[in-house]
Structure formats: structure tokens, C-alpha cells
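Student: Got a structure for you, questions after.
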Amino acid sequence: FTTQPNMYFARWYPNNVSMPDGTQLVVSGRDSTGALVQQLEKWDPVMNNWVRLPSAASLPKWSEPWEVYPRMFVLPSSNPNCPSCLYVGNQLYYSWFFNPTSNVWSFIGDYNYVDRFKAAQVLMPDLATVMVIGGQLQGALPTNTTETINLSSPTPQWTYGTPMNIARHDMNPIQLPDGTILVVGGTAGIANFEDPVKAAELYTPSNKQWTVLASQLGSRGYHSTALLLPDGTVISAGSDSGAQYRDYAEIYS
């Protein structure tokens with residue numbers, strides 16, 4: 001590891017996304033006082049420095065409560081609503097377009113389920129539809145419901161989809177090479193470590209059905225991760241389970 005220039009802002013739980021021009025855009029997070037960082041910045045690997053975006057690009061103050069660690073996807077240049085722009089989905093209920101060329105935010109809409117705290121989101125193979133999966137009303141049991149939004153529609157809006165078999169939050173969704181979505185881990189209880197979900201589920205877009213698959217050995221809830229590997233298998237690792245940190249990984253084939 002080589003130390004690089006510091007960001008303009010200290011950030012706890014921000015998110016970053018790779019942009020088409022090779023830069024890394026950093027959004028949200030809280031500073032050392034706990035205040036939400038409204039301003040955006042990006043890493044320029046060519047110039048080897050951080051670029052502070054203009055104030056127009058800051059998170060809309062009228063969007064509060066804006067949660068940390070927003071879910072972010074880059075949309076293709078063919079999108080009629082916002083070509084080559086960024087979709088940002090809140091953990092709570094807001095959804096936005098952000099145009100990195102004009103530095104303008106555009107409100108899209110709210111979830112039907114209202115709060116989906118610690119839900120998962122995934123951009124579907126059509127590169128226009130986003131699915132939000134599970135989550136919870138804060139302080140309540142999680143939901144098994146899902147919703148989708150077509151971001152290429154003239155009037156994008158969230159629509160309920162097929163529910164999962166098992167309600168969960170803090171799960172990891174992985175898009176597989178055949179276009180199906182594998183959901184790994186998560187928690188079926190209210191708190192981060194209550195009632196871990198070990199069974200995986202697979203969503204098939206062609207018939208909009210969920211199928212329960214094999215179970216993991218470890219509890220993969222809060223602070224776990226899962227990634228698609230080059231050979232098509234999925235690695236699942238981590239999680240501070242509340243009793244023991246998970247120091248081993250598992251691979252699903």
C-alpha cells in the first residue's frame with residue numbers, strides 16, 4: 001500500500017463508485033462530529049489528487065434524512081432520462097439521479113415500503129432496472145418484500161415485485177453471469193446479530209421467482225461481504241456476528 005493525498009473531508013460510511021472517465025466519485029459519510037458530509041469529491045488517478053466538486057453537486061439539504069452509505073450505480077449513455085449519470089438509492093426511502101456533467105440532482109421517488117434500512121440493491125442485467133431487496137423499518141423485524149424501478153421509463157416509479165422466501169436485512173446481492181441474482185447472508189431478527197439467515201436465495205428475472213438454495217456454515221450478517229469470482233463461484237466472508245468475528249470464508253458453487 002502507498003499513502004496517497006488525503007480527501008478534503010473525513011468520512012465515516014461514505015460510498016464510492018467508479019465513473020466512466022476513470023475517476024472515483026465519493027458520496028456521503030459523516031465527519032468526526034457526526035455531521036453528514038454534504039459535499040462530493042472525486043479521486044483523479046491521472047492527476048493523482050482529489051477534486052472537490054462545486055457546491056451545486058452537494059447532497060440536497062432538503063433531502064434529509066439522508067442516510068450514509070448510499071447505493072450507487074452508473075447508468076449507460078443510452079438512458080433517456082439521465083445518460084451516463086449516477087443513480088443513488090437511499091437506505092431509507094429516497095431515490096435520485098445525479099448528473100456528473102451538470103452537477104445537478106433530480107428527485108425520482110420513494111419506496112412503497114417507506115424505510116428499507118439496511119436493504120440491498122442491485123442493477124439488473126438490462127442496465128435500466130434497479131431492484132431493492134428486503135431491509136427493515138428501523139426497530140422492526142425485516143421484510144421479505146422487493147421492489148423494482150425502471151430508470152429508463154418516462155416516469156420511473158417503484159413497483160412491488162415477488163417477495164423473497166425469507167425476510168432479511170444486511171444481506172449481499174451478487175449478479176451472476178447468467179443474469180440471476182444470488183442473495184447471501186443477512187439477518188432475520190431486529191438487531192444486527194439476531195437470527196442469522198444462512199440459506200441463500202436465487203432470483204430468476206425471466207420468471208420473477210425466488211428459490212432457496214444451500215446454507216452457509218457461518219453467520220454472514222452485519223459487515224459481511226460477498227463477491228463473484230472469475231470462475232463463476234461466489235465467495236462469502238466476514239461479519240462481526242456479535243459473538244465472534246468470522247475469520248474464514250466460504251465459497252458457493
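The values are calculated or read from the model by the stated rules, or taken from the named source; none is laboratory data. The shown structure was predicted, so the numbers you read here are calculated from the model rather than taken from an experiment. Cβ placement follows ideal geometry from the backbone for every residue including glycine, while neighbour counts extend to all protein chains displayed. Calculation scope for accessible area: heavy atoms of the full protein, side chains included, ligands and nucleic acids excluded. Shrake-Rupley method; radii C 1.70, N 1.55, O 1.52, S 1.80 Å.
Student: Checking Ile108 against (1) assigned to a loop (DSSP other than H, G, I, E, B); (2) in contact (Cβ under 8 Å) with a residue 12 or more places away in the chain; (3) in contact with a Ser or Thr (Cβ under 8 Å, 6 or more places away or on another chain); (4) open to solvent by 20 Å² or more (accessible area, probe 1.4 Å), only one condition comes out false. Which one?
Tutor: For Ile108, the exception is condition (1).
Student: Give me the residue from segment 123-153 that is in a strand (DSSP E or B) and open to solvent by less than 10 Å² (accessible area, probe 1.4 Å) and, out of that set, farthest from Asp195 (Cα to Cα). Don't jump to the end; show me each part of the working.
Tutor: First pass over segment 123-153, keeping only residues in a strand (DSSP E or B): 123, 129-133, 136, 142, 146-150.
Narrowing the set further to residues that are open to solvent by less than 10 Å² (accessible area, probe 1.4 Å) leaves 130-133, 136, 146-147, 149.
Numbers: Val130: 28, Met131: 24, Val132: 21, Ile133: 18, Gln136: 14, Thr146: 20, Glu147: 24, Ile149: 30 Å.
Checked segment 123-153; the qualifying residue farthest from Asp195 (Cα to Cα) is Ile149.
Student: Suppose the filter is β-branched (Val, Ile, Thr), touching a residue at least 40 places away in the same chain (Cβ under 8 Å) and under 25 Å from Asn81 (Cα atoms); does Ile149 pass it? Give the steps one after another, and end with the answer.
Tutor: Working: β-branched (Val, Ile, Thr): yes; touching a residue at least 40 places away in the same chain (Cβ under 8 Å): yes; under 25 Å from Asn81 (Cα atoms): yes.
When the stated conditions are applied, Ile149 passes them.
Student: Scanning segment 19-51 for residues that are out of contact with any Phe, Trp or Tyr (no Cβ under 9 Å at 6 or more places or on another chain) and closer than 24 Å to Gln91 by Cα, which turns out surrounded by the fewest Cβ atoms within 10 Å (Cβ to Cβ)? Steps first, answer last, please.
Tutor: Of segment 19-51, the ones out of contact with any Phe, Trp or Tyr (no Cβ under 9 Å at 6 or more places or on another chain) are 19-22, 33, 35, 45-48.
With the extra rule that they be closer than 24 Å to Gln91 by Cα, the set shrinks to 19, 33, 35.
Values: Met19: 15, Thr33: 6, Ala35: 8.
Checked segment 19-51; the qualifying residue surrounded by the fewest Cβ atoms within 10 Å (Cβ to Cβ) is Thr33.
Student: Right, something else. Would you confirm whether or not segment 63-71 contains a residue that is free of Cβ contacts under 8 Å to residues at least 60 places away in the same chain, of a type outside the set (Phe, Trp, Tyr), in a loop (DSSP other than H, G, I, E, B) and over 27 Å from Pro125 (Cα atoms)?
Tutor: Yes, segment 63-71 has at least one match.
Student: So the check is Cβ under 6 Å with 6+ separation or different chains; which pairs have a first residue in segment 80-104 that's open to solvent by 20 Å² or more (accessible area, probe 1.4 Å) and a second one that's acidic (Asp, Glu) and not in a loop (DSSP other than H, G, I, E, B)?
Tutor: Here the result reads Tyr93/Asp110, each pair linking segment 80-104 to a residue that is acidic (Asp, Glu) and not in a loop (DSSP other than H, G, I, E, B).
Student: Mind checking which residues of segment 187-200 are closer than 16 Å to Thr145 by Cβ and surrounded by fewer than 22 Cβ atoms within 10 Å (Cβ to Cβ)?
Tutor: Ala188
Student: Search segment 33-50 for residues that are within 19 Å of Thr101 (Cα to Cα) and without any contact (Cβ under 8 Å) to a residue 60 or more places away in the chain and pair each with any residue that is open to solvent by 40 Å² or more (accessible area, probe 1.4 Å) and among the polar types (S, T, N, Q) when their beta-carbon atoms are under 7 Å apart and the residues are at least 6 apart or on different chains.
Tutor: Lys42/Gln24; Trp43/Gln24
Student: Across segment 187-204, which residue is modelled with the lowest pLDDT among those that are part of a strand (DSSP E or B) and closer than 20 Å to Gln121 by Cβ?
Tutor: Residues of segment 187-204 that are part of a strand (DSSP E or B), as a first pass: 187, 196, 199-204.
Checking the rest, the ones that are also closer than 20 Å to Gln121 by Cβ come to 187, 200-204.
On the way: Thr187: 94, Ala200: 98, Glu201: 98, Leu202: 98, Tyr203: 98, Thr204: 97.
Only one residue fits best here, namely Thr187.
Student: Also, I was wondering about something else. Can you give me the number of residues within segment 154-186 that are open to solvent by 20 Å² or more (accessible area, probe 1.4 Å) and not in a strand (DSSP E or B)? First the steps, then the outcome.
Tutor: Going residue by residue through segment 154-186, those that are open to solvent by 20 Å² or more (accessible area, probe 1.4 Å) are 154-157, 159-163, 165-167, 170, 172-173, 175-178.
Restricting the remaining residues to those that are not in a strand (DSSP E or B) gives 154-157, 161-163, 165-167, 170, 176-178.
So the count comes out to 14.
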